[in-house]
Amino acid sequence: MISYTYVRAYPRRADALTFLDIWSSPPLVMNGHCMFKIQEYISFRDLNTFKVGGSARFLADVASIKELAKAVSFAKERKLPIFVLGEGSNILVSDEGFFGFVVKMNIKGKRFNFVPNGARATVSPGENWDDFVEEAVQKNLYGIENLSGIPGSVGAAVAQNIGAYGTEVKETIESVTVFDTDSMEEKTLSLSDCQFGYRSSYFKSEAGKNLIVTSVTFALWKKGGVDIEYQDLKKFFREKNTPSLYTVRQAVLEIRKNKLPDLSQVGTAGSFFKNLVVTNKKYKTLRKKIPNLPGFSLESGEIKIPLAWIIDNLLHLKGVSKENVAVYDKQAIVLVNLHNASAKEIYNYAKKIQKQLKDVVGVSPEFEVCFVGEF
């Protein structure tokens with residue numbers, strides 16, 4: 001049996017630190033029962049990599065399915081919206097915070113079941129993504145090495161269908177187990193059920209908003225070639241011997257380090273915008289206007305246009321700041337919190353860039369970052 005209690009932190013100001021803001025002890029064990037705390041008015045600033053945002057009305061650090069069920073029941077009883085939080089590496093939280101229930105996903109566990117050609121790895125959503133990649137590489141398992149260094153949790157990685165250097169996480173997913181907040185039961189979805197797309201999935205859709213990822217099964221393989229066809233990797237390994245699984249991971253980590261901000265030093269959520277994906281016809285039309293516009297063919301027949309190239313070469317915004325926000329000087333698709341930016345400052349600059357892109361190419365890019373709260 002699991003019981004819960006909730007306590008309120010005073011004062012309620014979003015920037016006020018209390019003992020609850022830094023609470024990180026394991027669930028209390030009392031009389032043989034596990035009790036987890038539902039906290040109230042908890043600052044988001046230390047819970048996301050942008051280092052901005054107001055408070056969560058309620059928050060629970062959930063470490064098991066039973067605790068998750070209790071947290072969901074608490075929210076449903078009070079008709080509160082639920083937001084599932086991993087490591088906060090792809091979100092922008094409103095300055096007013098989130099007037100709902102934040103489920104801080106901390107369900108952990110990894111299991112590798114080896115088969116003749118590889119292994120099925122079943123991983124809990126609260127596991128750190130790059131820790132999982134590192135362990136897979138150490139076990140000489142191929143499939144996710146190009147996704148090294150991406151910050152965040154496994155659950156968020158799947159919901160986002162993360163991708164980098166020619167690889168998307170969907171390519172190794174066999175099934176996803178979820179908790180249905182409507183039926184209050186777990187069920188398993190096949191790869192096709194997940195409806196993965198470019199930085200999207202069924203879990204990010206309106207129809208899938210009632211599903212919370214509770215474990216993911218990956219199919220990894222023992223033998224196979226590494227993929228270094230992506231331009232950055234091809235350049236890195238030019239005139240070198242055929243790379244190993246380990247050296248590809250190290251190369252990806254080094255490339256990312258040179259192109260992206262250090263999260264321990266700079267507030268950011270990585271890529272703020274999605275790359276443009278247009279029809280072949282639209283791309284040809286754009287090439288008449290912008291002859292040197294780069295584009296890459298996708299399996300769907302559509303063309304992916306690197307948005308960073310447009311922001312840098314057409315808008316000339318790389319390194320340009322506005323108030324306390326800047327376009328990162330090494331990667332134009334990334335926005336950074338220079339000092340003590342507000343969420344509103346970041347949002348307004350992003351919207352301004354979005355409008356400029358619409359004016360230049362006639363296509364409005366989607367945001368890759370998820371917005372939490374009202375903007």
Q) Any residue at all in region 283-306 that is touching a residue at least 12 places away in the same chain (Cβ under 8 Å) and closer than 27 Å to S94 by Cα? A) no
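Please work out if A308 is of a type in the set (G, A, S), part of a helix (DSSP H, G or I) and not assigned by TED's automatic domain parsing to the domain that holds I150.
Yes, satisfied.
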Q.
Being within 19 Å of G270 (Cβ to Cβ) and either exposed (fewer than 14 other Cβ atoms within 10 Å of the Cβ) or not aliphatic (A, V, I, L, M) (or both) is the filter here; which residues of region 281-315 pass it?
A. K304, P306, W309, D312
Q.
Take F237 and tell me if it is assigned by TED's automatic domain parsing to the domain that holds G149 and touching a residue at least 24 places away in the same chain (Cβ under 8 Å).
A. no
Q | Conditions (1) at negative phi; (2) among the polar types (S, T, N, Q); (3) surrounded by fewer than 22 Cβ atoms within 10 Å (Cβ to Cβ); (4) touching a helix residue (DSSP H, G or I) at 6+ places or on another chain (Cβ under 8 Å); number of the one not met by N146 | A | (3)
Q: Please find, among A60, A56, the residue that is farther than 18 Å from E374 by Cα and at pLDDT 95 or above.
A: A60
Q. Looking only at residues in region 326-357 that are of a type in the set (S, T, Y) and in contact with a strand residue (DSSP E or B) (Cβ under 8 Å, 6 or more places away or on another chain), which one is nearest to H316 (Cα to Cα)?
A. Y328
Q: Considering (1) over 30 Å from E135 (Cβ atoms); (2) buried (at least 16 other Cβ atoms within 10 Å of the Cβ); (3) modelled with pLDDT under 95, say which one K318 fails and leave the rest.
A: (3)
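The values are calculated or read from the model by the stated rules, or taken from the named source; none is laboratory data. All values derive from a computational prediction rather than experimental measurement. We place every Cβ from the backbone using ideal geometry, glycine too, and count neighbours over all the protein chains shown.
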